[in-house]
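Working notes, beginning with the structure itself.
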Amino acid sequence: MSLSLVTPPAAEPISLDQAKARLRISDTSQDARLTHLIRSARQRVEGDTGRACLSQTWLERRDAWDGDGRLCAFGTRFKLPKPPLISIDAITTYAADDTPTNHDPADFFIDTASEPGRLALRPNGHFPEPGRNIDGIEIRFTCGYGETAEDVPGPLVEAIGQLVEAMFDGGLEVGMPASVKALLSPWWRISL
């Protein structure tokens, strides 16, 4: 399985003006640097939590319909990365000659209430095994809390703001401040 960003968020959880106010900067001399730090802080928070803050589109490529190993009333099901899931935009399978087949949304069920979101293939759906052995399945999905910073949970926004401050003072190599870890703890992704 591979995952690639198709459409990044249109905005950031904190604005340039908000970052400048936090740092008490009134001129424009640091605008480019701060813009970079805001994006870097958001990406770090998203990476550490495995979540998407603002709406963004991703493409997951799979080799087979192996799901999470469970069958349910709807057939094989998959957990999709980057919660919260907003929508499944397209499912495409590829034949051995790379001919794409786009699948009807009626052939699958989307669970956006679960975290992570899930996709279930309906038993009567027409999802042939891909003919291509590698990346024969593409699932395009949209995830995030919404389009605006107001949609993002406050602790995540505050963690991004604090991380911008720490990186501004200490550079991009700064360790994760304890206060940011505390803010992120409800969403922390545990790796085994």
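The values are calculated or read from the model by the stated rules, or taken from the named source; none is laboratory data. Bear in mind the structure is a predicted one, so any value in this text is a computation, not a measurement. All Cβ positions, glycine included, derive from the backbone under ideal geometry; neighbour counts span all protein chains shown. Keep in mind that these areas ignore ligands, DNA and RNA; they rest on the heavy atoms of the full protein, side chains included. Shrake-Rupley method; radii C 1.70, N 1.55, O 1.52, S 1.80 Å.
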Inset, instruction - Any residue in region 19-42 that's open to solvent by 80 Å² or more (accessible area, probe 1.4 Å): show its pairings with residues that are at pLDDT 95 or above at Cβ separation under 7 Å, as long as the two are six or more apart or on different chains. - result: 39/12
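Here's the yes/no breakdown for (1) in a loop (DSSP other than H, G, I, E, B); (2) out of contact with any strand residue (DSSP E or B) (no Cβ under 8 Å at 6 or more places or on another chain); (3) modelled with pLDDT of 90 or more; (4) not aliphatic (A, V, I, L, M):
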| position | (1), (2), (3), (4) |
| --- | --- |
| 128 | yes, no, no, yes |
| 131 | yes, no, no, yes |
| 134 | yes, yes, yes, no |
| 138 | no, no, yes, yes |
| 147 | yes, yes, yes, yes |
| 150 | no, yes, yes, yes |
| 156 | no, yes, yes, no |
| 168 | no, yes, yes, yes |
| 192 | yes, yes, no, no |
Legend entry - Top-ranked residue of region 51-93 - restricted to ones that are among the hydroxyl-bearing types (Ser, Thr, Tyr) and not in a loop (DSSP other than H, G, I, E, B), ranked as modelled with the highest pLDDT: 57
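Residue-by-condition table, conditions (1) open to solvent by 30 Å² or more (accessible area, probe 1.4 Å); (2) over 19 Å from residue 46 (Cα atoms); (3) touching a Phe, Trp or Tyr at 6+ places or on another chain (Cβ under 7 Å):
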site: 106; (1), (2), (3): yes, yes, no
site: 109; (1), (2), (3): yes, yes, yes
site: 116; (1), (2), (3): yes, no, no
site: 133; (1), (2), (3): yes, yes, no
site: 141; (1), (2), (3): no, no, yes
site: 155; (1), (2), (3): yes, no, no
site: 161; (1), (2), (3): no, no, no
Inset, instruction - Output the qualifying pairs, or none if there are none: Cβ atoms under 9 angstrom, residues six or more apart or on different chains, first residue in region 137-156 and over 19 Å from residue 49 (Cβ atoms) and of a type in the set (Ser, Thr, Tyr), second residue open to solvent by less than 50 Å² (accessible area, probe 1.4 Å) and part of a strand (DSSP E or B). - result: none
